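Asker: Let me begin by handing over the structure; questions about it come next.
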Amino acid sequence: MNIIAAVDRNWAIGNKGDLLIRIPADLKLFQSETMGKVIVLGRKTLSTFPGGLPLKGRTNIIMSTNPNYKVKNAAVAHNLPQLLDELGKYPPEDIFIIGGESIYRLLLPYCNTAHITKIDHAYAADSYFPNLDEMEEWQITADSDEQTYFDIAYEFIKYERI
């Protein structure tokens, strides 16, 4: 499985229920990587999408511990075994974990590839992605040249579990 996120220099991913910054090239990469694939996200992340609706052109699987939670045009899993059972219906390389923090932490052990946009800036934040640079089982296997969005430098980095 894949995991995809944009992080700042402290591995922060969000603040007060929103992204830290919207970099057009990062959003384009997210769309191209996930289009036609399976995305896994939490209920709170879904609520930040336009209209609180699942993303079009993808199979959306929402994680919520509320047994009565339902989402039109999406599958809902209420616990990890149920989620893993649902994910078993798809090729692992077609699955992308897209957040938020608790979903990233829950599913990182099941992922082999991480697509990380590293932003060279420290933002005020209240949610974080696990720091892959501090985990021996993850190594960088590809990276882009440094790019800029206004005065913010960033790069796309691919980590793989070894």
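The values are calculated or read from the model by the stated rules, or taken from the named source; none is laboratory data. Please read these numbers as outputs of a predicted model, since none were measured by experiment. As a convention, Cβ positions derive from the backbone with ideal geometry for all residues, glycine included, and neighbour counts pool all protein chains shown. Areas reflect the complete protein model, heavy atoms only, side chains present, ligands, DNA and RNA absent. Shrake-Rupley method; radii C 1.70, N 1.55, O 1.52, S 1.80 Å.
Asker: Relative to the present Cα-Cα distance, how much length would full extension add between I21 and K70 at 0.36 nm per residue of separation?
Answerer: Once the chain is fully extended between I21 and K70, it gains 14.7 nm.
Asker: Antiparallel versus total DSSP beta bridges in the chain: what percent is that, nearest 5?
Answerer: 50
Asker: With each pseudo-label sitting 7 Å past Cα toward Cβ, what's the A125-N112 distance in nm, one decimal?
Answerer: It works out to 2.7 nm between the two label points.
Asker: To the nearest 10 degrees, how steep is helix 24-34 against the longest Cα principal axis of the chain, on a 0 to 90 scale?
Answerer: Relative to the chain, helix 24-34 is tipped by roughly 40 degrees.
Asker: Ignoring ligands, DNA and RNA, what percent of the 1.4 Å accessible area of the chain is carbon and sulfur?
Answerer: Here carbon and sulfur together make up 50 percent of the probe-accessible area.
Asker: Could I ask something else about it? What distance in nm separates the simple spin-label points at F49 and D145, each placed 7 Å from Cα in the Cβ direction?
Answerer: 3.5
Asker: Report, ordered by chain and residue number, the aspartates and glutamates lying within cross-link reach of K44, taken as a straight Cα distance under 12 Å and ignoring same-chain residues fewer than 8 apart.
Answerer: Straight-line reach from K44, under 12 Å: D18, E101.
Asker: Could I ask something else about it? Taking the Cβ of L83 as the centre, find all other residues whose Cβ is under 14 Å away and add up their charges (Lys, Arg: +1; Asp, Glu: -1).
Answerer: Spelling it out: positives minus negatives among the neighbours equals +1.
Asker: Express the relative contact order of the chain as a whole percentage, based on alpha carbon pairs under 8 Å and six or more residues apart in sequence.
Answerer: Normalised by residue count, the contact order of the chain is 32 percent.
Asker: So, one more: Using only DSSP helix segments of four residues or longer, with each worth -39500 (n - 2.57), what per-residue ellipticity at 222 nm results for the chain after dividing by its residue count and rounding to 500?
Answerer: Calculated mean residue ellipticity at 222 nm is -5000 deg cm²/dmol.
Asker: Distance between Cα centroids, segment 126-162 to segment 1-77: provide it in whole Å.
Answerer: For segment 126-162 versus segment 1-77, the Cα centre distance is 18 Å.
Asker: Keeping every protein chain present and rolling a 1.4 Å probe, give me the accessible area per residue for segment 43-162 in Å².
Answerer: For segment 43-162, the solvent-accessible area averages 58 Å² per residue.
Asker: Between G99 and residues 5 or more places away or on another chain, which pairs have amide H atoms under 5 Å apart, with H built 1.01 Å from N, and which residues are they?
Answerer: G42, Y104
Asker: Work from the charge dipole of the chain (Cβ charges, +1 for Lys and Arg, -1 for Asp and Glu, about the Cα centre) and give the residue of I140, H121, G17 farthest towards its positive end.
Answerer: G17
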